[in-house]
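Novice: First the structure, then my questions, so here it is.
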Amino acid sequence: MGERATSHAVTVEVNGEKVSRIVAARQLLVHFLRDTLGLTGTHIGCDTGNCGACSVIVNGKLVKSCMILAAQTDGATIETVEGLAQDGTLSPLQESFHEHHALQCGYCTPGMLMSATYLLRHNPEPTDEEIRRGIRGNICRCTGYVNIVKAIRAVSRRQATGGHAVTAAAGEEV
């Protein structure tokens, strides 16, 4: 057996900014984002891929950043929760989470927002069942998911009406 490389040069685009770093061969993407790049919005929850707190979008695919090595992302485009807000203004999805009280402790929120972003990109008008399926890889121990589903549904409806608020029909919750 030959010598194994212990570090790799990695160049990625993170939230629209190109960065190059040398990473340890065994460094997980979540630690690269948090410790190397200082993007602490991506949370570490379980380190086993079960909770979804570390969810990010890599090359258009939703991934759990605790399950991929940073070296595997060389050349990739990565989106984190920090990239959702533009010029200090929360995204419509972030605003909706706030408006619908879709968070309590906030630990799952970054991963939940990234899962919802991915879902809405691929299915702009999901049903409640599709929303639940779209966030099923994210564990929330506080909210019970009801308000999270409401928040995602509200953004979906706003997008469908060109950004205008939608009022609920009689007896329907928004």
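Since every read-out is calculated from the coordinates, none of them should be taken as a lab result. This one's a predicted model, so the numbers in the text were calculated from it and none came from an experiment. All Cβ positions, even for glycine, are placed from backbone atoms using ideal geometry, and neighbour counts span all protein chains on display.
Novice: For segment 43-174, calculate the relative contact order in percent as a whole number, restricting contacts to Cα pairs under 8 Å that are 6 or more residues apart. Display every interim value, and only then the final one.
Specialist: Values: 184 pairs, mean separation 34.4, N = 132.
About 26 percent, as a whole number.
Novice: Net charge near Leu84, counting Lys/Arg +1 and Asp/Glu -1 over other residues with Cβ under 14 Å of its Cβ?
Specialist: Details: positive: Arg121; negative: Glu79, Glu82, Asp87, Glu95.
Neighbour charge sum, excluding Leu84 itself: -3.
Novice: Order these peptides, 115-123, 9-17, by their mean beta-carbon neighbour count within 10 angstrom, highest first. Kindly include the intermediate steps, with their values, before the conclusion.
Specialist: On the way: 115-123: 18.9, 9-17: 15.2.
Highest-to-lowest ranking by the protection proxy: 115-123, 9-17.
Novice: So what is the 222 nm mean residue ellipticity for the chain from helices alone, if each DSSP H run of at least 4 adds -39500 (n - 2.57) and you divide by all residues, rounding to the nearest 500 deg cm²/dmol?
Specialist: Values: 4 runs with 44 residues, N = 174.
Calculated at 222 nm, the ellipticity per residue is -7500 deg cm²/dmol.
Novice: What do you get for the angle between helix 146-160 and the principal long axis of the chain? Use alpha-carbon atoms, 0 to 90 degrees, nearest ten.
Specialist: The two axes meet at around 80 degrees.
Novice: Work out how much length Met67 to Asp47 would gain on full extension: take 0.36 nm times their residue separation and subtract the Cα-Cα distance, in nm to one decimal. All intermediate terms of the calculation are to be shown ahead of the outcome.
Specialist: Values: separation 20, 0.36 × 20 = 7.20 nm, distance 0.75 nm.
Length difference between fully extended and current span is 6.4 nm.
Novice: Sticking with this structure for a sec: Which stretch or stretches of segment 70-90 have amide N atoms under 11 Å from the point lying 7 Å from Thr11's Cα along the Cα→Cβ direction?
Specialist: Those under the cut-off are 75-76.
Novice: Based only on Cα atoms, what mean projected area does the convex hull of the chain have, in nm²? Kindly include the intermediate steps, with their values, before the conclusion.
Specialist: Working: hull surface 45.1 nm².
Mean projected area for the chain: 11.3 nm², to one decimal.
Novice: Sort 127-140, 69-82 by the packing proxy (mean of other Cβ within 10 Å over each peptide's residues), most packed first.
Specialist: Values: 127-140: 16.4, 69-82: 19.2.
Listed from highest to lowest mean packing, they are 69-82, 127-140.
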